[in-house]
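The values are calculated or read from the model by the stated rules, or taken from the named source; none is laboratory data. Bear in mind the structure is a predicted one, so any value in this text is a computation, not a measurement. Here the Cβ positions follow ideal geometry from the backbone for every residue, glycine too, while neighbour counts run over all protein chains shown. Each accessible area value is taken on the protein alone, full model and side chains, heavy atoms only, with ligands, DNA and RNA left out. Shrake-Rupley method; radii C 1.70, N 1.55, O 1.52, S 1.80 Å.
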Amino acid sequence: MKIGELARQAGCPVETVRYYEREGLLQAALRDQTNNYRHYDSAHLERLMFIRRCRALDMTHEEIRVLLQARSQPDADCGTVNALINEHLNHVQARIRELNMLEKQLLELQSHCNANRATRDCGILRELEQAEEPEDIVPVITAGHLAGSHSY
């Protein structure tokens with residue numbers, strides 16, 4: 001199948017297929033000698049779907065590489081896979097805690113101004129302008145791999 005058909009069956013844009021090829025997650029397609037079109041088979045589709053499921057779980061490319069490597073060794077021990085999922089779950093749980101703290105901070109900030117008024121009288125802006133940080137409002141800075149959103 002051509003790249004458009006592969007992308008359609010996988011439910012993703014053509015650029016995503018090209019991106020995963022460039023990143024080395026998806027093996028390069030065979031090229032037609034006549035027109036240089038990419039040609040993919042069912043193994044490409046299966047692997048692309050696997051990658052997309054991992055991305056839906058917010059896994060990094062490196063985590064996906066580890067899983068793809070494990071997948072290519074069907075007789076090997078799956079301890080690496082279990083450890084990876086446990087570590088990823090820990091990252092997700094930490095991010096949830098951080099997001100809950102952020103929600104609390106934003107709700108507290110929101111409580112300082114609940115009316116339309118001149119910005120010079122806005123309690124939210126006043127709180128954000130304070131030189132000293134209140135104890136209950138501490139910036140959430142994530143060092144883990146879930147600190148931002150992943151692309152593709």
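Spelling out what I want: for every residue of segment 7-13, take phi, set θ = phi - 60°, compute 6.51 cos²θ - 1.76 cosθ + 1.60 (Karplus), and round to whole Hz; glycine and proline get x.
4, 4, 5, 7, x, 9, x
For the chain, with all protein chains present and a 1.4 Å probe, just round the carbon and sulfur fraction of the accessible area to a whole percent.
Values: 5430 of 10440 Å².
Taking all protein chains in place, the chain shows 52 percent carbon and sulfur surface.
Obtain the nm distance between the two label points defined at M49 and V14 by a simple spin-label model: each point lies 7 Å from its Cα along the Cα-to-C-beta direction.
With each label point 7 Å from Cα toward Cβ, the separation is 2.3 nm.
Over all pairs of distinct alpha carbons, what does the Kirkwood formula give as the hydrodynamic radius of segment 1-131, in Å? Walk me through the numbers on the way to the answer.
On the way: mean 1/r = 0.0533 Å⁻¹.
By the Kirkwood definition, the hydrodynamic radius is 18.8 Å.
Report the charge-dipole magnitude of the chain in Debye, nearest 20, computed about the Cα centre from +1 at each Lys and Arg Cβ and -1 at each Asp and Glu Cβ. Write out the running numbers ahead of the final one.
Numbers: 18 positive and 23 negative charges, 171 e Å.
Taking the Cα centre of the chain as origin, the dipole is about 820 debye.
Determine ³J(HN,Hα), in whole Hz, for all residues of segment 74-87 in sequence, where each value follows from phi through the Karplus function 6.51 cos²θ - 1.76 cosθ + 1.60 and θ = phi - 60°; x replaces Gly and Pro.
x, 9, 6, 5, 9, x, 4, 5, 4, 5, 4, 5, 4, 5
Can you pull the one-decimal nm distance between simple spin-label points at N116 and K104, each 7 Å off the Cα toward Cβ?
3.3 nm
As a check on your grasp of the helix formula, calculate [θ] at 222 nm for the chain: sum -39500 (n - 2.57) over DSSP H runs of n ≥ 4, divide by the residue count, round to the nearest 500. Provide the component values of the computation, followed by the final result.
Values: 6 runs with 83 residues, N = 152.
So the helix-based figure for the chain works out to -17500 deg cm²/dmol.
Kindly express, to the nearest 10 degrees and within the range 0 to 90, the angle between helix 42-56's C-alpha long axis and the longest C-alpha principal axis of the chain.
Approximately 10 degrees, to the nearest ten.
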